[in-house]
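Have a look at the structure below before the remarks.
Derivation of every value follows stated rules applied to the coordinates shown; laboratory data play no part. Since we're looking at a predicted model, the values are computed, not measured. As a convention, Cβ positions derive from the backbone with ideal geometry for all residues, glycine included, and neighbour counts pool all protein chains shown.
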Amino acid sequence: MRSQTSFLFDLDGTLVDSVYQHVLAWHEAIRAEGIELAVWRIHRKIGMSGGLFTNMLLREIGVELPPDRIEKIRRGHTEAYKRVASTVKPLPGARELLVELTRVGVPWAIATSGHMESAARTLEALGVDLKRTAVVTRDEVEHAKPDPDLFLAAADKLGVPVETASVVGDSVWDMLAAQRARALGIGLLSGGYGPEELERAGAYRVYEDPQDLLDHLDEVGGRR
């Protein structure tokens, strides 16, 4: 009998170890525009869409930029990330987790706030077949996290009710988006957020990384 559970995965920091490459790429792009910003502030916003991410960061330090310069920063981040994309590797257990879900007939999809331009290499590193896997990127939705659009679109691609899905993510923005989508939230510590932060944002379970989630899959309904 097919499970009623489905899983909607964030990508960066959840399935692949890429958070800090993104942090440094954003730092390089922002500095190229003559703006000094502490790296820790950038890390706290990773997981949002590029535009909202940039707006929130600049608002924190009292800087306003026109849309064209914000877009220039986003493009700069994409180019900087491409230069380090080869260092991105799957997190422990990530591939095995996806294989196991497929084996037991549990539907899953990937929903990332990154554009396909930068996400393609990351998905390739994970071994994802784009022709056979439901993937939603920032290019396909009006708003990215913490809005629920990405996860709603991923559930729609799978043909499953989002209310029966579990969103797996590493950031508070994933958990907030899960709540707004009316899905359950499962937090992973592999992106640098603490368990209390993820739980406050709505995670009902928190695990270390994909391997830890795989080891406890029965706790979250991930079986036939």
*In degrees, nearest 10, range 0 to 90: what is the angle between the Cα axis of helix 50-60 and the longest Cα principal axis of the chain?*
60 degrees
*How high is the relative contact order of the stretch 19-86, in percent, counting Cα pairs under 8 Å that sit 6 or more residues apart?*
48 percent
*Ser86 versus Val63, label points 7 Å from Cα toward the beta carbon: distance in nm?*
3.0 nm
*Nearest 10 degrees, 0 to 90: what angle lies between the long axis of helix 67-84 and the longest principal axis of the chain (Cα atoms)?*
60 degrees
*Per the helix-only calculation at 222 nm, which mean residue ellipticity applies to the chain, given -39500 (n - 2.57) for every DSSP H run of n ≥ 4 and division by its residues, nearest 500 deg cm²/dmol?*
-13500 deg cm²/dmol
*Length-normalised contact order for the chain - Cα pairs under 8 Å, 6+ apart - percent*: 27 percent
*Note the angle between two axes, namely the Cα long axis of helix 19-32 and the longest principal axis of the Cα atoms of the chain, as a number of degrees from 0 to 90, rounded to the nearest 10.*
20 degrees
_Rounded to the nearest 5, what % of DSSP beta bridges with both residues in the chain are antiparallel?_
5 percent
